1. If I model a spin label at Asp198 and Glu28 as a point 7 Å from the Cα along the Cα→Cβ vector, what separation in nanometres do I get?
2. Given 0.36 nm per residue, what is the gain on full extension from Val4 to Glu216 after removing their alpha carbon distance, in nm?
3. Using a Förster distance of 25 angstrom, determine the FRET efficiency expected from the C-beta separation of Val182 and Ala100, and round it to 0.05.
4. Between Ile59 and Lys11, 0.36 nm times their residue separation minus their Cα-Cα distance comes to what?
5. For the chain, what is the percent of antiparallel DSSP beta bridges, rounded to the nearest 5?
6. Would you mind calculating the relative contact order of the range 2-45 from Cα pairs under 8 angstrom and at least 6 residues apart, reporting the percent as a whole number?
7. For the residue pair Ser18 and Glu228, what label-to-label distance in nm results when each label sits 7 Å from Cα along the Cα-to-beta-carbon direction?
8. Between Glu174 and Glu119, what is the label-to-label distance in nm when each label sits 7 Å out along the Cα-to-Cβ direction?
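The values are calculated or read from the model by the stated rules, or taken from the named source; none is laboratory data. Worth saying up front: this structure is predicted, and the values here are computed from it rather than measured. Here the Cβ positions follow ideal geometry from the backbone for every residue, glycine too, while neighbour counts run over all protein chains shown. These accessible areas exclude ligands, DNA and RNA; they are computed on the full protein's heavy atoms, side chains included. Shrake-Rupley method; radii C 1.70, N 1.55, O 1.52, S 1.80 Å.
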Amino acid sequence: MKIVIDTELKKISCETSSRTDTFDLYSEEAFDIVSNQWLKIGWNQKYSYSYTWFGLPMIQLPEDVLRTQEAVYSIKPDVVVETGIAHGGSLIFYASLLKAMGRGRVVGVDIDIRLHNREKIEKHEFFPYITLIEGDSAGEDIIARVQSNIKKGDTVMVVLDSCHLKGHVLKELEAYHKFVTVGSYIVATDGIMQDLHDVPRGEASWIEDNPVSAVEEFLKGHPEFILEKPARGFNESLCSKDLTYWPKAWLKRIR
């Protein structure tokens, strides 16, 4: 595809082998076209590797962080389970929200919690809200340890952010969906991989081997979940689409 932006005529054109579409430059269609490329280029340039939350690196797109905050405040979970904790910034993010609401705790699972990351997390002022579990997030023993941190009656939200290949995400969906309470979510992050197969840092296999493929397969066998992003609490925007690294990520338990 060839994209041409003409700032003098205030037009944007998308040309393929079969057609050319032209839109006003300051239109929703133009915003979508530019945003899709911005997301891909930004991912390749590691744009999200430049933010911290209360001092620890949080490798997330800022819009995804804000949308997640909206969901957490709406659901008010007693437990947030996150697989794949990296530097720990996301754990601190969830812990800070729960502390602000005066409730809840975070369970973080990672196959390899590196010593320097563990030390920083354990020294953090929000660590009393966090339980760290090291091991394969899809392993039966690890899943049992996660379950031991969930009490009867707890409202639970799960965020899957470890290995993003289809097979592993599907294993996590099958393992962790049972913890999610009605009205809450299991979130399979980084589905943007399906659109990154052709960028320099991407891999060709990602066009099929990605979290979205896992979500689509999971939903076929789990009618108790639907694909539904949390409703916006405020929206005077002229844009109908989110800028996100997490397409088709939010699975809501409806029964």
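1. Those two pseudo-labels are separated by 2.6 nm.
2. Gain on extension, Val4 to Glu216, equals 72.9 nm.
3. 0.55
4. Full extension of this stretch gives 13.9 nm more.
5. The antiparallel fraction comes to roughly 50 percent.
6. Reported relative contact order: 24 percent.
7. 3.4 nm
8. Label at Glu174, label at Glu119, 4.0 nm between them.
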